[in-house]
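Q: I'd like to ask some things about the structure below.
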Amino acid sequence: TTHLWPKQLMKHGLSGALVDTGKGKDALNVTISKLQPSMVEYIAENYTREAGVRQLERCLASICRHIATKVALDLEKRAKAKDFVKDPPSSPLRFEVDDELVEVVLGAPKVGNYRVLYKNLCRRLQTPGVAAGLAWTSSGMGTVQLVECCSIKSVSSLALKQSGNVGGDLTNALGRMTLTGQLGEVLEESAQIALTWARSMCSQATLSSRGQRGGQGLSDHEKSLCLYESAMLSDIHVHLPAGSVPKDGPSAGVTIAVALTSLFFGAKCRADTAMTGEISLHGTVLPVGGVAEKVRAAQKIGMSRVVVPESNEEEAREALKDSKQLKEVEVIPVKTVEEAIDAAIVGGNPWHSASVWGQGPVLSQEVAAKL
């Protein structure tokens, strides 16, 4: 407000206009309201997404061009009427730099239309294998980042089935993982850790369910065999949308683990819950940075629950104290990945409850024979 705005007013020939209700002769007979800091924040949140101010300056320049055009048209109109010098209008042109003017000049919000974003998030989270994470961007702001997972029968697994070698070694049939979304090395490692943890849990569930009978006509062991084939023998594809934006960091570990669990069990994630946290191979949730910005982003978009590492709980609660005018958000601190899954998946943690087992793929004979 003290540098960029005056600079653009001067560049567009509006430096002679009265700003607010300043004193002195109004050379242009134009009054422009003072640019409030809240409007700068509104423009930055809704029309820019960068660490610098170049895009913000472009937006301010667009507003100045709009005003300058209106002023020029008014001057031309008065000049044609030959009353420009003799009888200048008593009431000057006045421009209020508010959200209404900003939307007229810049159009509908391009970045922070939170109502539309939340509606789209809710729709996409209706699919098993999709979870909402929280990320810290290069612009120093938080954002909600979806993680999408899907599985497909691996080629090696299909070849084993077609060969009829039921007693063969299934080690080489272990499904591979594909990562897309322009991910950095640290984020790729987090995804690998999440998949290894999920497959470890799958192996334990398979072994512990031998001989146990469950409801709905299938034994727990039969269900776990379906899970084994889905998690162990299928190729897994993990994608983080907005592929043109580079992404890195360890804080997506919890989100990927939740998304994989959702995929393997066919259970949906809650649409009102976002999460962040690094994980270890044994399922411990570790603290991460940028939690304050992340929970504010979840609050702005309309999330009502955030899952954070227990060590970051205080930081998250402090961040929410400064934004009480927005929707209240429940902070859920977790120590383990299983606690995060219990909070994020509809119906609770499927690793512990047979009532929310998803409809896994049909059990293959070779898998049943080996197990």
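Q: Considering only segment 1-27, how many residues are open to solvent by less than 20 Å² (accessible area, probe 1.4 Å) and at pLDDT below 70?
A: Residues in segment 1-27 being open to solvent by less than 20 Å² (accessible area, probe 1.4 Å) and at pLDDT below 70: 1 in total.
Q: With respect to R115, is the statement that it is surrounded by fewer than 18 Cβ atoms within 10 Å (Cβ to Cβ), modelled with pLDDT of 85 or more and closer than 30 Å to G277 by Cα true?
A: no
Q: Out of (1) at pLDDT 80 or above; (2) over 30 Å from G142 (Cα atoms); (3) outside any helix (DSSP H, G or I), the odd one out for R65 is which?
A: For R65, the failing item is (3).
Q: Which residues, taken from segment 266-316, are closer than 19 Å to L121 by Cα and β-branched (V, I, T)?
A: Listed by number, the residues that qualify are T273, T276, V295, I301, V306, V307.
Q: Looking at (1) at pLDDT below 90; (2) within 14 Å of the chain's Cα centre (by Cα), which is the only condition A132 fails?
A: The number of the failed condition is (1).
Q: Which numbered condition in (1) modelled with pLDDT of 85 or more; (2) touching a Leu at 6+ places or on another chain (Cβ under 7 Å) is the only one that V30 fails?
A: The single condition V30 does not satisfy is (1).
Q: May I ask you to list the residues in segment 316-328 that are surrounded by 18 or more Cβ atoms within 10 Å (Cβ to Cβ) and at pLDDT 90 or above?
A: A316
Q: Do we find that S157 is modelled with pLDDT of 75 or more, of a type in the set (S, T, Y) and either surrounded by 14 or more Cβ atoms within 10 Å (Cβ to Cβ) or in contact with an Asp or Glu (Cβ under 9 Å, 6 or more places away or on another chain) (or both) in this structure?
A: No.
Listed here are the residues, each with its yes/no results for (1) at pLDDT below 95; (2) among the β-branched types (V, I, T); (3) under 21 Å from Y118 (Cβ atoms); (4) open to solvent by 30 Å² or more (accessible area, probe 1.4 Å).
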| residue | (1), (2), (3), (4) |
| --- | --- |
| G243 | yes, no, no, yes |
| D248 | yes, no, no, yes |
| A252 | yes, no, yes, no |
| I256 | no, yes, no, no |
| T261 | yes, yes, no, no |
| F264 | yes, no, no, no |
| A267 | yes, no, no, no |
| R270 | yes, no, yes, yes |
| T273 | yes, yes, yes, no |
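Q: Which of the residues that make up segment 37-51 are out of contact with any helix residue (DSSP H, G or I) (no Cβ under 9 Å at 6 or more places or on another chain) and at pLDDT 75 or above?
A: P37, S38, E41
The values are calculated or read from the model by the stated rules, or taken from the named source; none is laboratory data. In this text, all values refer to a predicted model and were calculated from it rather than measured experimentally. Please note: Cβ atoms are built from the backbone with ideal geometry, for glycine as well, and neighbour counts cover all protein chains shown. Each accessible area value is taken on the protein alone, full model and side chains, heavy atoms only, with ligands, DNA and RNA left out. Shrake-Rupley method; radii C 1.70, N 1.55, O 1.52, S 1.80 Å.
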